[in-house]
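The values are calculated or read from the model by the stated rules, or taken from the named source; none is laboratory data. Values in this document were obtained by computation on a predicted structure and should not be read as measured data. Cβ atoms come from the backbone with ideal geometry, glycine included; neighbour counts cover every protein chain shown. These area figures cover heavy atoms from the full protein model, side chains too; ligands, DNA and RNA do not enter into them. Shrake-Rupley method; radii C 1.70, N 1.55, O 1.52, S 1.80 Å.
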Amino acid sequence: MANPHPTPSQISILFILSYLICIISGQPVSLDLGNRLRNDSNAIKLASNDYGNIFHEIPAGVLYPSSISDIMELIKSSYNCSIPFTIAARGNGHSVRGQAMARGGVVVDMSALSKNGSGIRVSGDSSSGFYADVGGEEMWIDVLRATMEKGFSPVSWTDYLYLTVGGTLSNAGISGQAFLHGPQINNVLELDVITGKGEFMTCSRDKNSELFFAILGGLGQFGIITRARIVLDKAPTRVKWVRLLYSDFSMFSRDQERLISGNAPNFVEGFIVTNENVTNEWRSFFSSPSNQSDIVSLFKKQGLLYAIELVKYYDNRTVKTIDKEFQTLLKELNFIPRFIFSTDVPIMDFLGRVSNSDSPDGQLDAHPWLNLFIPKSRITDFNAGVLAEMLPRLNETSSLFIFYPLNKNKWDDRMSAVTPDEDIFYTLALLHSSPSNGSQIIDNFNNQILRFCEKAGIKVRQYLPYYKSKAHWTKHYGSKWNRIQHRKSLFDPKFILSPGQRIFNSA
Ligand SMILES: Cc1cc2nc3c(=O)[nH]c(=O)nc-3n(C[C@H](O)[C@H](O)[C@H](O)COP(=O)(O)OP(=O)(O)OC[C@H]3O[C@@H](n4cnc5c(N)ncnc54)[C@H](O)[C@@H]3O)c2cc1C
């Protein structure tokens, strides 16, 4: 039987919140959230760290909602105070700079909703299309499993699937399918949202559209996503998957751009190879006619290699033609002929290729990542100054550098996400790993890259952005800034939500 009396920790969290609220505003606020609101050390420890392991903001409490109403009640109680407390939804805490934290406020652990949230339901028909209604707290790996059981799958993914639907839709959600289908935010039909006023609203392109476009790519600033309706397609069964090596940047980028301009492949990405371990690891997964010693000597000669990762899906209907189609695709490309790694795997193995990194060991490292969007018109300069000149100097062996182009026409500019103003732009993900006390060295390096771009006039935009001041945010949003401010005034006028992004809560 549930204990009707609050435990000491509950008393203290309620006390802290009441204190914050009553002393400042002079009005009593009753929060009837029972033992779902906690401030014990386990709850606080989890909510004050993230995958980055660099920032640690201590909240006053953590809400483990048993229903959507709990979140509404929490937000309303803050909204109704003259000086509200901040609230951050925490998906799977895979931000790297404290974006899901709330210093002195309340973190909402969305995973607690998985028992009583919206779940994952597949619906639709062949004439109007199929879709999945998915709780904002659900992880993409579970969306994959549940939809595949019914023979369907979302069309746009992230590389890593242990991220929540609400977390990636608050950014964009990109991977090698985005050139074709757009980012994940482009493949959403409808959302249920709790705004910063504590109101529950359903929105889509046609209904409450300003909220819909605000939320997608909105960095958690305008509401908490409790359900998303995601576009589905018939699931393929297997994939042909290759990694191709290049030593010449212009051939590499020309091939990448050619691949994303047609509809032939289903997935296009790329890597910057700054040490020979990278390709050595591929050999355990891919069959390869290449001899590792040839790769090592090529790498030693060049000091830097580029790789394209290319995938084509197939199923029973296309099994007879896939090899021929794939060979035709490869024939158009100018990779170094002997340096091709190939494999053929079930679609689940491909989409789930990046294993869960939430191991206790992983938590010891810091991840001072930098993610950039770079306009195509300056990509040669960017290669010369950053990829070829700076990256090899880093001498990191446990980091991964992903680099591939995207089509701007697959992004909807009404959404809050920000991209460069060119038809094609590249994404560079510098997925650094450092000892927990070594992140500053990497951050200095990241800042050198940003300074180089600034000096050379290369108008890069940060993806999963991190800025310290409002002036930087204003610059980041550029012509969208007024709209972002207007959206904030409509949906979270008291600056309650996701303070860890430091957009409206920074100096
Ligand atoms: C190992 C790893 C691999 C990654 N791979 C990719 C990739 O391939 N492609 C890609 O695009 N990104 C990738 N990312 C980045 C990832 O998409 C973002 O960090 C995302 O925010 C993480 O999701 P999360 O569920 O952990 O969100 P959190 O980190 O918990 O939250 C992120 C932000 O969203 C807000 N938020 C969380 N849930 C909700 C909600 N339901 N409603 C509204 N706001 C909410 C939070 O308050 C916070 O501001 C990767 C990150 C990691 C660590």
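Using the Karplus relation 6.51 cos²θ - 1.76 cosθ + 1.60 with θ = phi - 60°, the per-residue 3J(HN,Hα) values for the range 257-267 come to 5, 4, 5, 8, 8, x, 10, 5, x, 9, 7 Hz, with x marking Gly and Pro.
Divide the volume of the convex hull around the Cα atoms of the chain by the residue count and you get 152 Å³ per residue. Between the alpha-carbon centres of the range 310-380 and the range 113-150 there is a gap of 25 Å.
Sequence-ordered 3J(HN,Hα) estimates for the range 486-500 from the Karplus curve with 6.51, -1.76 and 1.60 and θ = phi - 60° stand at 5, 4, 4, 5, 6, 10, 8, x, 9, 6, 7, 8, 6, x, x Hz, glycine and proline given as x. Rounded to the nearest 20 debye, the dipole size of the chain about its Cα centre is 820 debye, using +1 on the Cβ of Lys and Arg and -1 on the Cβ of Asp and Glu. Note on the range 115-234: Lys pairs 8 or more places apart or on different chains, Cα atoms under 26 Å apart, count 4.
Name the residue farthest towards the positive end of the dipole of the range 238-351 from the options Phe341, Ser288, Ile322, assuming +1 on Cβ of Lys and Arg, -1 on Cβ of Asp and Glu, about the Cα centre. The Cα lying farthest towards the positive end belongs to Ile322.
Normalising the average separation of contacting C-alpha pairs (under 8 angstrom, six or more residues apart) by the number of residues puts the relative contact order of the chain at 17 percent.
Using only alpha carbon pairs under 8 Å that are at least six residues apart, calculate the relative contact order of the range 238-351 and give it in whole percent.
Details: 168 pairs, mean separation 60.4, N = 114.
Value for the range 238-351: 53 percent.
Charge tally for Met110 (other residues, Cβ to Cβ under 10 Å; Lys, Arg +1; Asp, Glu -1): -2.
For the range 115-234, report the % of Cα-Cα distances exceeding 18 Å. Could you put the intermediate results ahead of the total?
Numbers: 3293 of 7140 pairs.
Everything past 18 Å amounts to 46 percent.
Helix-only arithmetic for the chain: the sum of -39500 (n - 2.57) across DSSP H runs with n ≥ 4, divided by the residue total, places the mean residue ellipticity at 222 nm at -8000 deg cm²/dmol.
Per residue, the chain exposes 42 Å² of accessible surface when a 1.4 Å probe is rolled over the protein heavy atoms with every protein chain present.
Assuming charge only on the beta carbon of Lys and Arg (+1) and of Asp and Glu (-1), the dipole of the range 273-374 about its Cα centre is about 500 debye to the nearest 20. Sort out for me the Cα centre separation of the range 468-507 from the range 31-57, rounded to whole Å. After rounding, the separation between the Cα centres reads 24 Å. Listed by chain and number, the aspartates and glutamates whose alpha-carbon sits under 18 Å from that of Lys488, ignoring those within fewer than 8 places in the same chain, are Asp192, Glu199, Glu210, Asp413. Could you tell me the distance between the Cα centroids of the range 168-204 and the range 231-280, to the nearest Å? What the calculation gives is 26 Å, centre to centre.
Counting only GluC sites (Glu not before Pro) that are in a DSSP loop and have at most 13 other C-beta atoms within 10 Å, tell me the longest site-free stretch of the chain. In the chain, the maximal stretch lacking such sites is 1-331. Only protein atoms count toward the accessible area here, which uses a 1.4 Å probe; on the chain, the carbon and sulfur part of that area reaches 51 percent.
Assuming charge only on the beta carbon of Lys and Arg (+1) and of Asp and Glu (-1), the dipole of the range 115-234 about its Cα centre is about 80 debye to the nearest 20.
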